[in-house]
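Read the structure below first, then the notes.
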Amino acid sequence: MAYTPDNWVVIKFNGDDPHYRVLAGWSGGYLHGSSWQLNSGITRVEEDGELLNFYGASGSCYRVHKESYTLRMNNASIWDQLQAKHGDKVELMDEATDWLAMDWIIS
């Protein structure tokens, strides 16, 4: 399954099962509200022109625009909830991260 969100961020989960996940957001309209998704855990990333393809452990692919890395209303509250629940065990990755050079398996 492929998803193309309006905005996205990458969150590092530390602790017993360290991993990275895409927190994706979609802006809604009058008939359909905003929504968000948290992927199953990043396994690899590939560049495709102006897009990055983040592949998840479940086989999904998040096709994200490089320039849309940001928290917006559709995903910012989820980030706040993750921080409240996990504290310093979650980390919002910096926008300037070289996604193609990342080692997605944390040991």
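Counting only residues that are among the hydrophobic types (A, V, I, L, M, F, W, C) and within 12 Å of the chain's Cα centre (by Cα), how many does the stretch 51-97 have? Write out each step before concluding.
Residues of the stretch 51-97 that are among the hydrophobic types (A, V, I, L, M, F, W, C), as a first pass: 51-52, 54, 57, 61, 64, 71, 73, 76, 78-79, 82, 84, 90, 92-93, 96.
With within 12 Å of the chain's Cα centre (by Cα) added as a condition, the list becomes 52, 54, 61, 64, 71, 76, 78-79, 92-93.
Matching residues across the stretch 51-97 total 10.
Are there any pairs, at least 6 apart or on different chains, whose C-beta atoms fall under 7 Å, with the first in the stretch 31-43 and polar (S, T, N, Q) and the second exposed (fewer than 15 other Cβ atoms within 10 Å of the Cβ) and modelled with pLDDT under 85, and if so, which?
Going by the 7 Å Cβ cut-off, the qualifying pairs are Ser34/Gly28; Ser35/Gly28.
Leu82: in contact with a helix residue (DSSP H, G or I) (Cβ under 7 Å, 6 or more places away or on another chain), at pLDDT 95 or above and surrounded by 13 or more Cβ atoms within 10 Å (Cβ to Cβ), yes or no?
Working: in contact with a helix residue (DSSP H, G or I) (Cβ under 7 Å, 6 or more places away or on another chain): no; at pLDDT 95 or above: yes; surrounded by 13 or more Cβ atoms within 10 Å (Cβ to Cβ): yes.
Against the criterion (in contact with a helix residue (DSSP H, G or I) (Cβ under 7 Å, 6 or more places away or on another chain), at pLDDT 95 or above and surrounded by 13 or more Cβ atoms within 10 Å (Cβ to Cβ)), Leu82 does not qualify.
Filter the stretch 56-79 down to residues that are under 18 Å from Pro18 (Cα atoms) and hydrophobic (A, V, I, L, M, F, W, C) and give me whichever is surrounded by the most Cβ atoms within 10 Å (Cβ to Cβ).
So in the stretch 56-79, the residues under 18 Å from Pro18 (Cα atoms) come out as 56-58, 79.
Then keep just the ones that are hydrophobic (A, V, I, L, M, F, W, C); that gives 57, 79.
On the way: Ala57: 13, Trp79: 18.
Out of the qualifying residues, it is Trp79.
Can you name the number of the only condition in (1) touching a residue at least 60 places away in the same chain (Cβ under 8 Å); (2) among the hydrophobic types (A, V, I, L, M, F, W, C); (3) out of contact with any Ser or Thr (no Cβ under 7 Å at 6 or more places or on another chain); (4) over 19 Å from Gln81 (Cα atoms) that Leu52 fails?
Result: Leu52 passes all but (1).
For residues that are buried (at least 17 other Cβ atoms within 10 Å of the Cβ) and either farther than 11 Å from Tyr62 by Cα or of a type in the set (A, V, I, L, M) (or both), scanning just the stretch 26-40, find the one that is farthest from the chain's Cα centre (by Cα).
Step one: list which residues in the stretch 26-40 are buried (at least 17 other Cβ atoms within 10 Å of the Cβ), which gives 26, 36-37, 39.
Checking which are either farther than 11 Å from Tyr62 by Cα or of a type in the set (A, V, I, L, M) (or both) leaves us with 26, 36.
Working: Trp26: 12, Trp36: 10 Å.
Among residues in the stretch 26-40 that are buried (at least 17 other Cβ atoms within 10 Å of the Cβ) and either farther than 11 Å from Tyr62 by Cα or of a type in the set (A, V, I, L, M) (or both), the one farthest from the chain's Cα centre (by Cα) is Trp26.
The values are calculated or read from the model by the stated rules, or taken from the named source; none is laboratory data. Predicted, not measured: the structure shown is a model, and the values here were computed from it. Neighbour counts are summed over all protein chains in view; Cβ atoms, including those assigned to glycine, are modelled from backbone coordinates with ideal geometry.
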